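All remarks here apply to the structure that follows.
The values are calculated or read from the model by the stated rules, or taken from the named source; none is laboratory data. This is a predicted model, so every value here is computed, not measured. Neighbour counts are summed over all protein chains in view; Cβ atoms, including those assigned to glycine, are modelled from backbone coordinates with ideal geometry. Only protein heavy atoms, including side chains, enter the accessible area calculation; ligands, DNA and RNA are left aside. Shrake-Rupley method; radii C 1.70, N 1.55, O 1.52, S 1.80 Å.
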Amino acid sequence: MCGIVGYIGNREAFPIIINGLKRLEYRGYDSAGAALYNGNLIIKKTKGKVKDLEALFTDPKDKEGTIGIGHTRWATHGEPNDVNAHPHVSNSGNLVIVHNGIIENYDSIRQMLTSRGYTFQSDTDTEVLINLIEDVMKKENVKLGKAVQIALNEVVGAYAIVVFDKNNPDEIVLARLGSPLAVGIGKGEYFIASDASPFIEFTKDALYLEDEQMAIIKKYKEPEIRNIKDDEIIAPYIQELQISLDQIEKGGYDHFMLKEIYEQPNVLKDTMRGRVLPQKNIIKLSGIDNNLNKFLNADRIIMVGAGTSWHAGLVGEYLFEELARIPVEVEYSSEFRYRNPIIKENDIVMPISQSGETADTLAAIKLSKEKGAFIYGICNVVGSSIPRESHSGTYTHAGPEIGVASTKAFTTQVNVLTMMALKLAKEKGTISAPEFNQYLTELENIPQKINRVLENDLYIQQIAHHYKDAANFLYLGRGFNFPVALEGALKLKEISYIHAEGYPAAEMKHGPIALIDENMPVVVIATKKGQYEKVVSNIQEIKSRKGKIIAIVTEGDEQVKKLADHVIEIPETLEPLTPLLATIPLQLLSYYIAIYRGCNVDQPRNLAKSVTVE
Ligand code: M6R
């Protein structure tokens with residue numbers, strides 16, 4: 001995690017660094033810091049948010065300088081405090097660094113450096129790294145770039161780093177292994193950041209460092225990119241950025257999360273644009289078309305992911321098995337990577353990820369590749385590591401998701417999985433042509449049906465107000481709605497800090513029912529179709545134990561209305577498409593409960609948007 005920014009050019013670096021850090025705060029917000037050079041090396045850092053850092057720059061002189069680096073931290077080594085905040089400086093006071101990642105062998109390097117007379121102010125692995133670089137520079141009598149390269153060949157771990165030397169402020173050095181790093185290319189100036197959002201208003205041209213690459217960047221010169229291991233020179237590959245400024249701003253909403261919930265009708269249209277074509281009765285997905293035989297001959301699909309993406313995988317399991325009759329397993333990537341899984345030749349491994357940078361999911365891909373599997377990635381962030389490491393895949397086209405709690409990322413992942421399952425069902429003949437056409441037509445209706453769900457906003461606010469002080473919540477659903485229950489519970493716990501659990505409704509009797517009393521709100525997804533009558537029985541069981549019932553029902557439902565304390569209606573749809581609608585009220589419910597509890601919904605405590613460390 002952590003967000004890093006750098007600038008070298010002719011503009012004032014300060015506003016670029018501060019605004020860039022604000023855009024990267026979703027990556028971590030335990031502490032923030034910046035270093036600028038304007039004849040003097042100015043370093044300011046603090047526990048807390050970027051606005052706290054900004055407030056430290058009271059003297060306008062401190063804001064001067066055309067080279068700078070900045071950092072917003074999600075703490076790994078060392079508690080979040082001022083001293084552990086980045087940037088870190090070498091013992092000579094010349095070199096300064098920001099780092100995203102973990103240096104695993106930092107302790108032995110620290111001991112070695114201590115024996116050579118180095119001292120350390122912080123508990124961080126990063127301060128060890130910058131002193132290792134300094135030590136190499138001195139010992140080997142080499143320039144900064146070479147010293148960075150030699151030092152990085154001695155470290156074990158993951159990193160994206162940006163470093164400069166105050167004695168040579170016309171040059172900045174960066175490197176990556178396992179943590180992302182983008183370089184925006186202006187006219188003689190360069191912007192460096194964990195993603196492209198900090199420099200989107202300055203340039204559309206960007207290059208992304210690959211793992212084990214470093215770059216030496218000087219004003220008005222071509223960047224010099226090298227492989228860290230073998231020193232090979234790499235020609236820069238410059239891409240045109242597809243994101244725009246309004247996509248990464250709040251656009252009048254109080255929070256990114258609310259904006260992203262409301263964006264869902266439009267982003268689902270984007271996900272389906274040019275792909276779902278009911279008039280021609282086809283779904284076009286080039287990733288599948290190009291690898292059709294692999295999919296048709298697959299013995300099994302193994303979906304891997306974390307958090308919300310894992311929940312999307314669970315919906316995928318129901319979809320692929322029900323529609324295309326392809327066996328699916330869904331695994332937490334963190335478990336999969338360490339349990340020596342059996343992967344056979346005809347298995348397809350399908351990583352699912354919003355960010356495309358989740359460390360465990362990347363490790364799961366690496367392991368599966370070693371075992372010879374075909375990797376089909378489902379990802380939102382274009383050009384991120386997971387699609388680059390996959391053999392093929394499908395982008396979700398959700399646009400930038402800034403709120404730490406995933407909302408539109410989930411529904412677009414489910415949408416992609418639905419399209420894939422339907423396409424394969426058609427190819428395999430497991431559904432008829434008219435059925436297929438009915439699905440396509442209904443898929444096209446989903447965005448406007450989501451708009452109808454969003455019309456319940458005010459009512460959901462009232463429900464949220466009613467339950468804002470609850471200590472626990474249960475979420476229940478069956479079939480396609482079981483993963484929706486898990487996702488609803490995750491959303492509530494991560495942003496409101498209320499303990500919440502999701503269960504398959506029938507599992508309630510095997511334990512969780514013991515928790516139910518008049519203080520327990522239970523959210524039940526009780527839409528028509530599927531095992532509706534059985535869910536109604538589960539609701540009766542909750543009611544007879546005085547639990548409070550918030551039910552998500554199909555429009556016009558009368559049966560559940562009589563039993564539940566609150567009902568939220570969603571439009572009728574085909575059963576496999578229900579998650580695309582049933583998820584929406586649960587997102588709004590969590591959002592408003594968190595707001596009533598005074599929580600920071602976009603930046604919940606202890607979390608970060610992308611988990612690029614184990
Ligand atoms: O970027 P990814 O989809 O790989 O991230 C996976 C999880 O970290 C993520 O879904 C997390 O659980 C969200 N905060 C959930 O809202």
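What the table shows:
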quantity: Given (1) of a type in the set (Val, Ile, Thr); (2) closer than 19 Å to Gly399 by Cα; (3) modelled with pLDDT under 95, number of the condition Ile342 does not satisfy; calculated: (2)
quantity: Qualifying residue in region 69-86 (condition: on the phi > 0 side of the Ramachandran plot, of a type outside the set (Ser, Thr, Tyr) and open to solvent by 10 Å² or more (accessible area, probe 1.4 Å)); calculated: yes
quantity: Restricting region 170-201 to residues that are open to solvent by 10 Å² or more (accessible area, probe 1.4 Å) and part of a strand (DSSP E or B), the residue that is nearest to Gly145 (Cα to Cα); calculated: Glu171
quantity: Unmet requirement for Tyr220, which otherwise passes all of (1) more than 24 Å from Tyr37 (Cβ to Cβ); (2) open to solvent by 60 Å² or more (accessible area, probe 1.4 Å); (3) of a type in the set (Ser, Thr, Tyr); calculated: (1)
quantity: Listing of helices (runs of 4 or more DSSP H) fully contained in region 506-614 that carry 2 or more residues being crowded, with 21+ Cβ neighbours inside 10 Å and among the aromatic types (Phe, Trp, Tyr); calculated: 578-596
quantity: Scope region 334-353; condition within 11 Å of the ligand (Cβ to nearest atom) and either in contact (Cβ under 8 Å) with a residue 60 or more places away in the chain or assigned to a helix (DSSP H, G or I) (or both); matching residues; calculated: Ser334, Ile352
quantity: Leading residue by the ranking (farthest from Asp82 (Cα to Cα)) among those in region 23-46 that are of a type in the set (Lys, Arg) and either at pLDDT below 95 or in the same structural domain as Ala359 (by TED's automatic domain parsing) (or both); calculated: Arg23
quantity: Filtered residue count, region 226-272, keeping only those that are of a type outside the set (A, V, I, L, M, F, W, C), assigned to a loop (DSSP other than H, G, I, E, B) and farther than 19 Å from Pro579 by Cα; calculated: 15
quantity: Residues satisfying the stated conditions in region 273-291, i.e. of a type in the set (Gly, Ala, Ser), in a helix (DSSP H, G or I) and without any contact (Cβ under 8 Å) to a residue 24 or more places away in the chain; calculated: Ser286
quantity: Index of the failed condition, Pro278 passing every other in (1) open to solvent by 40 Å² or more (accessible area, probe 1.4 Å); (2) over 25 Å from Gln354 (Cβ atoms); (3) not assigned by TED's automatic domain parsing to the domain that holds Asn100; (4) not polar (S, T, N, Q); calculated: (1)
quantity: Qualifying positions in region 467-481 - among the aromatic types (Phe, Trp, Tyr) and surrounded by fewer than 24 Cβ atoms within 10 Å (Cβ to Cβ); calculated: Tyr467
quantity: Set Glu317, Glu321: member being more than 16 Å from the ligand (Cβ to nearest atom), closer than 19 Å to Glu487 by Cα and either outside any loop (DSSP other than H, G, I, E, B) or in contact with a His (Cβ under 9 Å, 6 or more places away or on another chain) (or both); calculated: Glu317
quantity: Ile386, sole failed condition from (1) open to solvent by less than 10 Å² (accessible area, probe 1.4 Å); (2) within 10 Å of the ligand (Cβ to nearest atom); (3) in contact (Cβ under 8 Å) with a residue 40 or more places away in the chain; calculated: (3)
quantity: Hits in region 339-365 - residues which are charged (D, E, K, R) and either outside the structural domain of Gly393 (by TED's automatic domain parsing) or more than 23 Å from Leu292 (Cα to Cα) (or both); calculated: Arg339, Glu357, Asp360
quantity: Complete set of residues in region 27-47 that are out of contact with any Phe, Trp or Tyr (no Cβ under 8 Å at 6 or more places or on another chain) and within 23 Å of Ile402 (Cβ to Cβ); calculated: Ser31, Ala32, Gly33, Thr46, Lys47
quantity: Residues of region 146-169 satisfying the condition of being under 15 Å from Arg226 (Cα atoms), surrounded by fewer than 21 Cβ atoms within 10 Å (Cβ to Cβ) and of a type outside the set (Lys, Arg); calculated: Ile150, Asn153
quantity: Within region 405-423, tally of residues that are surrounded by fewer than 24 Cβ atoms within 10 Å (Cβ to Cβ) and either among the basic types (Lys, Arg) or within 12 Å of the ligand (Cβ to nearest atom) (or both); calculated: 1
quantity: Extreme residue, nearest to the ligand (Cβ to nearest atom), among residues of region 354-383 that are more than 23 Å from Arg339 (Cα to Cα) and in contact with a Phe, Trp or Tyr (Cβ under 9 Å, 6 or more places away or on another chain); calculated: Gln354
quantity: Residue in region 296-313 that is in a loop (DSSP other than H, G, I, E, B), within 16 Å of the ligand (Cβ to nearest atom) and closer than 17 Å to Arg388 by Cβ present; calculated: no
quantity: Any hit, region 31-42, residues being touching a Leu at 6+ places or on another chain (Cβ under 8 Å), under 30 Å from Tyr106 (Cα atoms) and open to solvent by 40 Å² or more (accessible area, probe 1.4 Å); calculated: no
quantity: Residue that is farthest from the ligand (Cβ to nearest atom) [pool: residues in region 444-491 that are of a type in the set (Phe, Trp, Tyr) and in a helix (DSSP H, G or I)]; calculated: Tyr459
